[in-house]
Amino acid sequence: MSVIKISPQDVEKYYQKLKSQVEKVGYHLHGDEEFTKELLESILINEERYGYGACPCRLASGIIEEDRDIICPCDYRDPDINEYGSCYCGLYVSKEILTGKKDLQPIPERRPPLDKRLENLESETSAFKDEKISIEYPVWRCNVCGYLCAREEAPEVCPICKVSKERFKRFI
């Protein structure tokens with residue numbers, strides 16, 4: 001397998017874009033710029049390798065259906081920040097950690113094993129098969145931030161957390 005190289009300019013451009021986006025919606029990137037850029041470089045490498053920016057701290061399978069929950073920002077970011085003040089890899093941190101009022105701490109892995117994730121996916125999709133719900137439009141839910149919208153298709157980009165359309169699941 002060939003080594004994927006990402007230019008420092010591409011990392012810087014991604015860093016500036018992401019920093020601007022996340023701060024507008026109340027999130028914070030880790031205060032150590034060098035550390036943050038190393039994580040972002042790994043996300044860009046995964047983007048080149050797999051076609052999606054898998055979280056750099058977890059092993060991606062290369063199969064998007066199996067890895068959708070770990071596309072950065074991953075589905076576990078918000079629960080990790082709420083409970084520990086940081087996401088699993090440390091890219092996103094709480095204001096308390098950013099300002100030094102709280103220290104980073106180890107975060108246990110909350111991602112279920114593949115068989116459990118597939119089982120959950122199956123039960124989610126089958127939960128509405130027998131339901132007779134009459135609504136004009138399907139309801140879509142962002143797996144990252146929980147944003148809900150009722151429309152024909154999921155939005156191209158979540159207006160809250162800015163993830164792309166494939167991070168939405170049909171909710172109802």
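The values are calculated or read from the model by the stated rules, or taken from the named source; none is laboratory data. Being a predicted model, the structure only gives us computed values, none of them experimental. Here the Cβ positions follow ideal geometry from the backbone for every residue, glycine too, while neighbour counts run over all protein chains shown.
A few remarks follow.
Residues checked against (1) assigned by TED's automatic domain parsing to the domain that holds Tyr14; (2) modelled with pLDDT of 95 or more; (3) closer than 19 Å to Ser164 by Cβ; (4) in a helix (DSSP H, G or I):
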{"residue": "Ile45", "(1), (2), (3), (4)": "yes, yes, yes, yes"}
{"residue": "Leu59", "(1), (2), (3), (4)": "yes, no, no, no"}
{"residue": "Asp69", "(1), (2), (3), (4)": "yes, no, yes, yes"}
{"residue": "Ser134", "(1), (2), (3), (4)": "no, no, no, no"}
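- Only one of the numbered conditions (1) in contact with a Lys or Arg (Cβ under 7 Å, 6 or more places away or on another chain); (2) aliphatic (A, V, I, L, M); (3) loosely packed, with under 15 Cβ neighbours inside 10 Å is not met by Ile172, and that is (1).
- Test: residue in the range 60-72 that is touching an Asp or Glu at 6+ places or on another chain (Cβ under 7 Å) and either more than 22 Å from Asn143 (Cα to Cα) or of a type in the set (Asp, Glu) (or both): yes
- Here is the figure for the range 18-40: residues that are within 19 Å of Val163 (Cβ to Cβ) and part of a helix (DSSP H, G or I) total 10.
- Some residue of the range 16-38 being free of Cβ contacts under 8 Å to residues at least 24 places away in the same chain, in contact with a Cys (Cβ under 8 Å, 6 or more places away or on another chain) and either surrounded by 19 or more Cβ atoms within 10 Å (Cβ to Cβ) or not small (Gly, Ala, Ser) (or both): no
- Hey, Glu47 exposed (fewer than 12 other Cβ atoms within 10 Å of the Cβ) and not aliphatic (A, V, I, L, M) or not: no
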